[in-house]
1. How about the range 260-282: which of its residues are modelled with pLDDT under 95 and part of a helix (DSSP H, G or I)?
2. Taking the range 50-71 on its own, how many of its residues are within 12 Å of the ligand (Cβ to nearest atom) and either touching a residue at least 24 places away in the same chain (Cβ under 8 Å) or open to solvent by less than 30 Å² (accessible area, probe 1.4 Å) (or both)?
3. If a residue has to be over 30 Å from Arg68 (Cα atoms) and crowded, with 18+ Cβ neighbours inside 10 Å to count, how many in the range 229-265 make the cut?
4. Considering only residues that are part of a loop (DSSP other than H, G, I, E, B) and open to solvent by less than 40 Å² (accessible area, probe 1.4 Å), which ones fall in the range 205-221?
5. Quick one: would you say Trp333 is in contact with a Leu (Cβ under 8 Å, 6 or more places away or on another chain) and open to solvent by 10 Å² or more (accessible area, probe 1.4 Å)?
6. Only one of Phe123, Phe108 is assigned to a helix (DSSP H, G or I), of a type outside the set (Val, Ile, Thr), in contact with a helix residue (DSSP H, G or I) (Cβ under 6 Å, 6 or more places away or on another chain) and more than 16 Å from the ligand (Cβ to nearest atom). Can you tell me which?
7. Output the residues belonging to the range 378-387 that are over 16 Å from Tyr115 (Cα atoms) and either open to solvent by 50 Å² or more (accessible area, probe 1.4 Å) or more than 7 Å from the ligand (Cβ to nearest atom) (or both).
Amino acid sequence: MFTLSQFCPLVYLYAFGRDILIVNEASVATDLLENKAVLYARRPTWSMVTLTGRQDNIAFMDYNNRQRKARALLQGALNPKAQKQWGPLLEEETTHLILQILQSPESFKQHIRRYLGTFITRFAYGTTKVEDSVLTLGDEISMHTQQALRPGRWVADTAPLVLYLPDWFPGMSFKRWARHARTKFREYTGRPFRRARDSILDGAETQGMVPDTLRDIIAGTSKYKEEELVSAASSIYTAAVETTYAVLMNFLLLIMAHKDVQAKAYQEITSVTESTRQPRLSDMTAMPYIDAIIREVHRFNPVTPVIPRSPVRTDSYRGYRIPQDTWVMFNIWAMTHDTNIYKDPHLFIPERHLPLEHKDSAKDPRDFTFGFGKRICPGLNLANAQIFLFVTQLLATFEIRPPLTADGNEEEVDINYSSTFVRSATALSSRSSVYR
Ligand code: HEM
């Protein structure tokens, strides 16, 4: 097992025909992404990201005026003040999820994905009833994005010259795949937006980011353009659903493996709710142990273990030259496992985040896991609120236990993760949840 002291803060590689710099230390991330924020605000260019049309998504767009406007629009709709708009919807959807899991606990993964997709679609487009076909399309584009980002998978990323070969040339099937993925992405960008537009033109009073902003745009009272709203709305499905799903799966895996933590969490929840109601967003500050568990879940397995950026011009740092267009990969996993910041980083210890139990409580890992500077995750308040509601409402209702073996003993929990761009728990069996 590695500890960070075995890593250098900066590692340079020349691979796949490009300069790659891996940043393992949080202080370097702050120096580059906060103190030289504009220089490092750009993402690297991936051939497959471009071929699949993802340069129209805020997360991959160049750091230009259009990106900044669409981002600002999104931030306005997601900030803590706007919580009074989306908070009640989130509480309603989370309680609905718990009822669904009660009805069929063995399908908990499907219920959770559906919950995340439904909530984010209602938040963005304000549709009261979300069509299954929109969720299917959202999941399809998420899968395409994950596949397009898979390192080393595509010849177009390792040898970009193949892009100039004709489509019929042997080995060019990736172009057909990318065309299909781009068509689906365009369909997702257009369909729910048109539906929301038509319904407000018909006088519907639905609320949500698109209807609220579009009414102002149509009335000529908004500082945003319709195309910026389209970008903001269509960019969040994958960004929100894949990451939050991975955090929730990670939570389930870790809480299943740590019964003592689960018991303490249950005690804290019931001491606040007195077992008379489901937890609400307003309970957040009254549950420090739950907050500590959530921090530790983020730290133990950061679901976006690497954040990619690329300087717009050549930089020099600590005497090293960082050429323009270098792929600078910020290794978030190394930062949340840095022994200078977290003692025994390979152990799951929520208590390390409690100021009363630890004289100096550990640094909040969410300062790393949601990114830095100009491209910091705009959805972090919403994600924190959603994870809190999920964790508390679920633990108030269920005990999470490993599946049983044939002879009736609990299986050993296998803590393992996928190697995709968003890193998810791989070993969660659908037999894992047990009704309290
Ligand atoms: C636990 C859940 C989440 C995690 C761990 C997470 C993490 C991240 C990270 C690491 C980045 C890259 C930041 C950087 O480059 O410095 C990012 C970007 C982004 N996230 Fe999140 N995110 C989460 C949930 C959400 C949600 C709920 C939304 C929307 C509602 C969202 C929307 C976005 C968008 C649009 C970007 C691209 C920002 C840009 O490139 O300017 N995320 N997220």
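The values are calculated or read from the model by the stated rules, or taken from the named source; none is laboratory data. Because the structure is predicted, anything quoted here is derived from the model rather than measured. No Cβ is skipped: glycine too gets one built from the backbone with ideal geometry, and neighbour counts run over all protein chains shown. These area figures cover heavy atoms from the full protein model, side chains too; ligands, DNA and RNA do not enter into them. Shrake-Rupley method; radii C 1.70, N 1.55, O 1.52, S 1.80 Å.
1. None - no residue of the range 260-282 is modelled with pLDDT under 95 and part of a helix (DSSP H, G or I), so the list stays empty.
2. Selection size over the range 50-71: 11.
3. Here is the first cut: in the range 229-265, the ones over 30 Å from Arg68 (Cα atoms) are 249-265.
Remaining after also requiring crowded, with 18+ Cβ neighbours inside 10 Å: 249-256, 258, 261-262, 265.
Looking only at that region, the number is 12.
4. So in the range 205-221, the residues part of a loop (DSSP other than H, G, I, E, B) come out as 205-208, 220-221.
Listed by number, the residues that qualify are Thr206, Gly208.
5. Values: in contact with a Leu (Cβ under 8 Å, 6 or more places away or on another chain): no; open to solvent by 10 Å² or more (accessible area, probe 1.4 Å): yes.
Against the criterion (in contact with a Leu (Cβ under 8 Å, 6 or more places away or on another chain) and open to solvent by 10 Å² or more (accessible area, probe 1.4 Å)), Trp333 does not qualify.
6. Within the list Phe123, Phe108, the selection yields Phe108.
7. Looking only at the range 378-387, we keep the residues that are over 16 Å from Tyr115 (Cα atoms), and these are 378-381.
Residue satisfying the conditions is Asn381 alone.
To keep it simple, each residue is scored yes or no on (1) under 25 Å from Leu161 (Cβ atoms); (2) out of contact with any Phe, Trp or Tyr (no Cβ under 8 Å at 6 or more places or on another chain).
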| residue | (1), (2) |
| --- | --- |
| Glu25 | no, yes |
| Leu32 | no, no |
| Thr50 | yes, yes |
| Gln55 | yes, yes |
| Asn65 | no, yes |
| Arg68 | no, yes |
